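First the structure, in the form of structure tokens, and then the observations on it.
The values are calculated or read from the model by the stated rules, or taken from the named source; none is laboratory data. Keep in mind the model is a prediction, meaning the values are calculated, not measured. Here the Cβ is made from the backbone with ideal geometry for all residues, glycine too, and neighbour counts use every protein chain on show. Areas reflect the complete protein model, heavy atoms only, side chains present, ligands, DNA and RNA absent. Shrake-Rupley method; radii C 1.70, N 1.55, O 1.52, S 1.80 Å.
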Amino acid sequence: MAKKSSNLGLVRYLKPYMKFALLTPLTMVGEVMVDLWQPKLMSQIVDDGVLGNDMDLIIRTGIIMMILIILGGACGVGSSALGGCASQGFSRDLRCDVYKKVMSLSFEQTDKFTTGSLVTRLTTDITAIQQLVDFGLRGFVRDVILFVGGIIMMLTLNVRFGLVLVVALPIETIFVLLIMKKVNPLYSIVAKRLDRVNSVMQENVTGSRVVKAYVRENYESGRFNDANESLTASNLHVQQLIAILQPLLMIIMNASVIAVIWIGGWQVEAKAMQVGQVMAAITYLTQVLNGIMMLANMFQTVSRASASATRINEVLETEPVIKDAQSDAKCTEKGTVSLKNVSFTYAGSGGRPVLSNVSLDIKSGENIAILGATGSGKTSLINLIPRFYDPIEGDVYVDGVNVKEFKLEDLRSRIGVVLQKSELFSGSVADNIRWGKKDATDEEIIAAAQIAQADEFVSAMPNGYDDIIAEKGASLSGGQKQRLSVSRAVIKKPEIIIFDDSTSALDLGTEARLRQGLHESLKGATIITIAQRIASVKDCDRIAVLDHGRLADCDTHENLMKNCEVYRDIYSSQVKTSGGEV
């Protein structure tokens, strides 16, 4: 019951288009009334015109029919246009709200839904609900009026025709209900299997280079085929049940027509009816039974849309874990970061802590590095600073204020982040750099690229900064993507800038020039660097060493070499690997 009321809550998206929603069925009434009146006029032409040899009546009635057809057609066109405005506006607003909700969710929450599922909900599921709105405003009104009106008009011709309806309608209704009862639960299964197809497709498109590099095309094709076959099987199951319904309804309709002809024949022979009236009765019967068939199709649409609405509501009703503060934060410092007894665990990790009781104070303007073995919690630690995640214990402070007391936009505007994986977007080089500052001038873009050591290769492109980057930066090397990502963060001129192992694809010379440019252009900014190579960070003011989620030590390179065994082990392993001094 709660689920039904929740799904009905989506009706609020129709309110801005209520004028269209009300006019749609009203104009549809005009079209249906014409359809109901046509058989009556046709019976007059046959009985009084053709059989009565009255050509004037045939012409007059024919002209009236033509005028009514034109009016009915105009009403039908108007109804379609108005219904389209209402349903398209409804789906557009709903899609916008679902998208905003998805963007407000934490990484943990979007991972729970999966990317493929969210894509399906934003596209296929909302389209299914849109079709229900359109069909409900037009088709439902049309079918109900044809059904009721057809019965009334048929009985006005001869009450005995009611016997046919009394037998045919219950049988049709029983068949429809039985089939729909079996079909309804299948739509949720179809939606989940479509999620799976989208997820596999998304993974393979995103990771196509890895698939090709490891010659796993056949394996991934098999995985996609499995998901696709599963979806196809579910759809076929639904279609088979629907396919059973249509012939059954047609058999009932044809048998009913035969019954009307038989009853009408007796009535014509008894002079109680005329041939044209029997023809009209057959048309009305067809309209009534077609109304049942169309309503059955509507039940199918309702079932599909109901499953989709439940999935949409799962997104809309998900409360973001990371929420805005109610008021603006009053900062007492600038560029400082402090972690107090912070512990963190990823959902679904079985409770295994990634960070345990970490305390670290970073001063304003300090150049600090975070070092540790793979899986030591480096990236998890810096993800807590801009509140991509919240710690399960302890607190994180930026500029002397708990990050939970910031509005997210205010907090993240103070921080520049260059992620481990360089994410670029389809568009020009300038557009990608301008992500850091939407109103940046061309001069600012070039200056940022020069600091990030990107200007040289960008200038060599055919169109320079107007050159178009392929999706996800596929046309660039790893080092080029990293330098553009750094440019995007630099142009923002943040108080705090975080580098999450984001220069790993650069040679030491380029990296050294980049860091020199950063120090000169971002004077006073706090720089936090995650790195794998000690050579990249040994000149930092301090180096924080993480070991299995715990802070082993935080000091200068020289002091760590004297006092921190974990650091010495890392240093020794890198000396052996490089064959000399790190």
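Ligands, DNA and RNA left out, the accessible area of the chain computed with a 1.4 Å probe is 59% carbon and sulfur. Computed 3J(HN,Hα) for segment 247-264, one whole-Hz value per residue from the Karplus formula 6.51 cos²θ - 1.76 cosθ + 1.60 where θ = phi - 60°, is x, 4, 5, 5, 4, 4, 5, 5, 5, 5, 4, 4, 5, 5, 4, 5, 5, x, glycine and proline marked x.
For residue 469, the residues whose amide H sits under 5 Å from its own are 427, 428, 429, ignoring neighbours fewer than 5 places away on the same chain, with H placed 1.01 Å from N.
So if we plug the beta-carbon distance of residue 521 and residue 393 into 1/(1 + (r/R0)^6) with R0 = 41 Å, what FRET efficiency do we get, rounded to 0.05? Plugging the Cβ-Cβ distance into 1/(1 + (r/R0)^6) gives 0.65. Distances between placed amide hydrogens fall under 5 Å for residue 393 paired with 343, all partners being 5 or more residues away or on another chain. With R₀ set to 45 Å, the beta-carbon distance separating residue 357 from residue 99 gives a calculated FRET efficiency near 0.70. Exposed loop sites here mean trypsin sites (Lys or Arg not before Pro) with a DSSP loop assignment and at most 12 other beta-carbon atoms within 10 Å; the chain contains its longest site-free run at 1-270. Per residue, the chain exposes an accessible area of 50 Å² to a 1.4 Å probe, with every protein chain left in place. Taking label positions 7 Å along the Cα-Cβ direction at both residue 57 and residue 471, the computed distance is 6.8 nm, reported to one decimal.
For segment 164-258, the set of chymotrypsin sites (Phe, Trp or Tyr not before Pro) satisfying both a DSSP loop assignment and a count of at most 14 other C-beta atoms within 10 Å is given as 214.
Looking at the chain alone, DSSP beta bridges between its own residues are antiparallel in about 50 percent of cases. Calculated from the structure at hand, log10 I(q)/I(0) by the Debye sum over Cα atoms at q = 0.06, 0.09 Å⁻¹ is found among (i) -0.37, -0.80; (ii) -0.52, -0.86; (iii) -0.43, -0.85 as (ii).
Considering helices alone, the calculated mean residue ellipticity of the chain at 222 nm is -20500 deg cm²/dmol, with DSSP H runs of length four and up weighted by -39500 (n - 2.57) and normalised per residue. Within the assembled protein chains, the solvent-accessible surface assigned to residue 324 is about 80 Å², based on a 1.4 Å probe.
Computed from label points 7 Å out along Cα-Cβ, the spacing between residue 123 and residue 347 is 2.5 nm. Once backbone amide H atoms are built at 1.01 Å from N, residue 552 has 545, 546, 547 as its partners under 5 Å, excluding neighbours fewer than 5 places away on the same chain. Taking the C-alpha atoms only, the angle from helix 565-578 to the longest principal axis of the chain is near 90 degrees.
Calculate how steeply helix 508-521 sits against the longest principal axis of the alpha-carbon atoms of the chain, using the helix alpha-carbon long axis, and give the answer as 0 to 90 degrees to the nearest 10. Tilt of helix 508-521: around 90 degrees.
Phi angles of segment 59-76 translate, via the Karplus equation with coefficients 6.51, -1.76, 1.60 and θ = phi - 60°, into HN-Hα couplings of 5, 4, 5, x, 5, 4, 4, 5, 5, 5, 5, 5, 5, x, x, 4, 5, x Hz per residue; Gly and Pro are given as x.
A Förster distance of 56 Å, applied to the separation of the beta-carbon atoms of residue 541 and residue 22, puts the FRET efficiency at 0.25. Length available on full extension from residue 558 to residue 115: 0.36 nm per residue minus the Cα-Cα distance, which gives 154.9 nm.
Stretching the chain fully between residue 569 and residue 50 yields a gain of 176.2 nm (0.36 nm per residue, less the alpha carbon separation). Taking GluC sites (Glu not before Pro) in DSSP loop states with no more than 14 other Cβ atoms inside 10 Å as exposed sites, the chain has its longest site-free stretch at 1-316.
Per-residue extension of 0.36 nm, minus the Cα-Cα distance of residue 219 and residue 250, leaves a gain of 6.6 nm for this segment.
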